[in-house]
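Just so it is clear, none of the values below were taken in a lab; they were calculated from the coordinates. Computed from a predicted model, the values in this text were never measured in an experiment. For neighbour counting, all protein chains shown are included, and Cβ atoms are generated from backbone atoms with ideal geometry for every residue, glycine included.
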Amino acid sequence: MKKFFLACVAILSLGNARADEGMWIPSLIGKNYDEMVRLGLKLTKDDLYAINHSSLKDAIVQFGGGCTAEMISPSGLLITNHHCGYGSIAALSTVEHNYLDNGFWSHSMAEELPAEGLSVIYLQNIEDVTDEINHATRRSTGEKYQKKLNETIEKIEKRANQNGKLVANVKSYFNGNQYLLLTYKRYTDVRLVATPPKSLGKFGGDTDNWIWPRHTADFSMFRVYADSNNEPAAYNATNKPYRPKWYLPVSAKGVKDGDYTMIYGYPGRTNRYEISGGVELSINETNPDIVRLRGERLGIMKRHMDADKSVYLKLTSRYAGIANYWKYFIGQTEQLKRLHVVEEKRNNEAEFTRWAGNNKEYRGLVNRYNNIYNTYQPYARSATYYGEAFRASGLASIAAALEPLATAYEKNNTSADTISKYIKALEATRKSYLKIYDPATELDLLAFTARAYYQDVPKGQLPAIYDQVIFRKFNAGNMDSTFARYARYVTGNTFLIDSNLFKAFVAAPSLEKIQKDPAAEYAISFVRNYKKSIQPRYEAFNNKKAEYSKLYLKGLMEMNKGQLMYPDANSTMRITYGQVKGYYPKDGVYYEPFTTSKGILAKYKPNDDEFDAPKELIDMIRAKDYGRWMSPDSTVHTCFITTNDITGGNSGSPVINANGEWVGSAFDGNWEAMSGDIAFDKKYKRTIVVDARYVLWLIDKLGKAENLIEEMNVRY
Ligand code: ARG
């Protein structure tokens, strides 16, 4: 009886419009407005999102494709997380001018540093195109449906992009039950303005990552530039600071327990409506596989990075990304188990089945949906290893770009256009990997990944290269020596890395040269094996999943008619609202909702990789040199937590108070709720935020960049 009651509560709570859980669509936020006001919001509906005039949403950008940032001045100044700017900061750093280690504070616009390859996009419009898509796809099913769907999406995007002036994306919401067209303007002249040293921007390192209580100054600042008409333009010294349609005033007043908080941003992906069988596969197989492989890869990279500062600068951003999700999957697995998410899902599914009764559409759906995971399970490891092992070698990834070219030659499909298309793709792939390519590290990564794939993937699913080449020609008696020997041979004899050899190939490409290249031989064997025996199963699984998950969600919406539901994150702008709030991580322990400068001193370890801090800052804390950023408790508040619902992609999102002011930058989630992308746990789930006053204090006292504080609209 109790179980049944709990199941009902869990299902119903999917749909209630209320604080914390929910990543809401900005153009439909009106439906949540009364609830937001009840919690303290002072702004009008139109301030939040409007089509005919500017509104808060115009201050928010997607930053560099995977993060969020917000405008905080009338002159294009933006703030995001340090870990979002990390790649650009590292790329701008050299052993001599090491901005990553030492920080960077520009005291005039002339000092700002163009960040190559970085761009931001501004949302222009959201339009519902569900009817058009449903109409176009109404007579197709299965693979034909997918094809028709993709064609229709492409057509709509093409129509909306104004001859390439705008970025246009059609995105699926509610697992394909709704489609929205989003248009954006992309600005590509973005320059580094300020960053604290890494010791502060990443204070606590991987040890503190995903953990509360936290003391990280996870922010960096950039400026967007535009042409003389305020329109996007490639980098040019004569470009002008972009004038945003909206920017956020900055509050130096701080937040209190219970205060209203709202977050706008670009959450990447959640799987809240995942079926229990999918969660089980993650817990039992996929997550442990990813964690094991990443752990080894990180060990290899770290060895080389620690030995050479220039290698460190080259690899550190990639390392951080791998480490971030290594720990993520450890935490997700642990919390999915601790919070009994599979059982909870099973209860919800049983309730759905009872509700469905004899309804023709939904009868048996839960079983069918769960079963696709059983069918797919024997191939899951191959698919994981293809991405996390084979593709983890930079050389293999570059070489894989030769496969389409080889196929074109083999099929005599050798028109100049075709060949040049594939050569261009190869050049682009090579260029992006060479930025993070260290030969000695790559040698070890290739040996490790080739070996891991061989040892862990079911024998019947291995590419032919193992029998035909590796063990036939390089067998050295034991695994270690065999794979080391093979990796040395491949890296030492490929034309793909050395620029002269590569140039010679591009000048006169041929099938024969590809066939003679050992890296190409290795990669092509993997790619073709994958295409032949894994990909078709993966695609069949995904097509079924698309079909069943759409139907399941349609059913859930019918079952919860009259209640507001939110769609899974899909890298489009969302709003979440909640409040500042502490929590009990375990029995008898309470976590305050904020941390202070005192905690920096407590964690401080001079010269440590993770807990070092500039001596200057430590002295300031000891002297209580906090200036106007001090709290009544005679500290500077460093971070705080809220109940807002965010995920990866929200990094850098503004945390906004009831008056529409910026009070901090969201940068992490907490350990006890790492299962959050699959099931939101109201009791434990928190967003970790760097406090505006910590940011302002560092800009002021460490960076001595009064110019930036002047430029913002700081409210005291
Ligand atoms: N866990 C954070 C996120 O995914 C990233 C934190 C980066 N910091 C670090 N120490 N790795 O948003």
Quiz item: Reachable lysines from LYS615, Cα under 29 Å, same-chain residues fewer than 8 places away excluded?
Solution: LYS198, LYS202, LYS253, LYS302, LYS309, LYS314, LYS598, LYS603, LYS605, LYS624, LYS701, LYS704
Quiz item: Between TYR716 and ASN371, 0.36 nm times their residue separation minus their Cα-Cα distance comes to what?
Solution: 118.4 nm
Quiz item: Length gain on complete extension for the stretch ASN271 to ARG338, per 0.36 nm per residue less the alpha carbon to alpha carbon distance?
Solution: 22.3 nm
Quiz item: Once you charge only the Cβ atoms, +1 for Lys and Arg and -1 for Asp and Glu, what is the size of the charge dipole of the range 516-558 about its Cα centre, to the nearest 20 debye?
Solution: 100
Quiz prompt | Dipole magnitude of the chain, debye to nearest 20 (Cβ charges: Lys/Arg +1, Asp/Glu -1, about Cα centre) | solution = 1660
Self-check item: the range 481-496 residues near the modelled ASP467 label - backbone nitrogen below 19 Å, point 7 Å along Cα→Cβ
Solution: none
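Would you order ASP306, ASP128 from fewest to most other beta-carbon atoms within 10 Å of each residue's own beta-carbon? Don't skip to the answer; put the middle values down first.
Numbers: ASP306 11, ASP128 15.
So the ranking, lowest neighbour count to highest, is ASP306, ASP128.
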Exercise. Sticking with the crude label model, points 7 Å out along Cα→Cβ, report the distance from LYS503 to ARG354 in nm, one decimal please.
Key: 7.4
Quiz prompt | Three-way shape call for the range 252-317 based on the alpha-carbon gyration tensor, with the a/c threshold at 1.5 | solution = oblate
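So for the chain, averaging the separation of alpha carbon pairs under 8 Å that are six or more residues apart and normalising by length, what relative contact order in percent results?
This gives 25 percent for the chain.
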Quiz item: With point charges of +1 on the Cβ of Lys and Arg and -1 on the Cβ of Asp and Glu, referenced to the Cα centre of the chain, which listed residue (PRO267, LEU200, PRO114) lies farthest in the positive direction of the dipole?
Solution: PRO267
Self-check item: Those residues of the range 669-701 whose amide nitrogen sits under 20 Å from the label point placed on ASP625, 7 Å along Cα→Cβ
Solution: 693-701
Exercise. Kindly state, to the nearest 0.05, the FRET efficiency for ARG38 paired with ASN150, given R0 = 51 Å and r defined as their beta-carbon distance.
Key: 0.75
Practice problem: Hydropathy first: keep DSSP H helices in the chain averaging at least -1.0 on Kyte-Doolittle, then drop any whose Cα extent along the axis falls short of 18 Å, and list what survives. | Solution: 287-307, 309-338, 416-434, 439-456, 479-493
Exercise. Compute the distance in nm between two label points, each set 7 Å from the Cα along the Cα-to-Cβ direction, one at GLU706 and one at GLU116.
Key: 3.7
Quiz item: Which aspartates and glutamates does LYS544 reach when only Cα atoms under 17 Å apart count, and residues fewer than 8 places away in its own chain are ignored?
Solution: GLU143, GLU274, GLU361
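Work out, step by step, the length gained on full extension between ASN161 and ASP46: first 0.36 nm times the residue separation, then minus their alpha carbon distance; give nm to one decimal. If you can, show how the numbers build up before the last one.
Numbers: separation 115, 0.36 × 115 = 41.40 nm, distance 2.60 nm.
Residue separation times 0.36 nm, minus the Cα-Cα distance, leaves 38.8 nm.
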Self-check item: Estimated FRET transfer efficiency when R0 is 56 angstrom, pair ARG391-ASN607 (beta carbons, to 0.05)
Solution: 0.95
Exercise. Before rounding to the nearest 500, sum -39500 (n - 2.57) across all DSSP H runs of length at least 4 in the chain and divide by the residue total; then give [θ] at 222 nm in deg cm²/dmol.
Key: -13500 deg cm²/dmol
Quiz item: Can you give the FRET efficiency for TYR489 and ILE419, using 1/(1 + (r/R0)^6), R0 = 35 Å, r = Cβ-Cβ distance, to the nearest 0.05?
Solution: 0.80
Exercise. Check cross-link reach from LYS424 to the aspartates and glutamates: straight Cα distance under 14 Å, and skip same-chain residues fewer than eight apart.
Key: GLU403
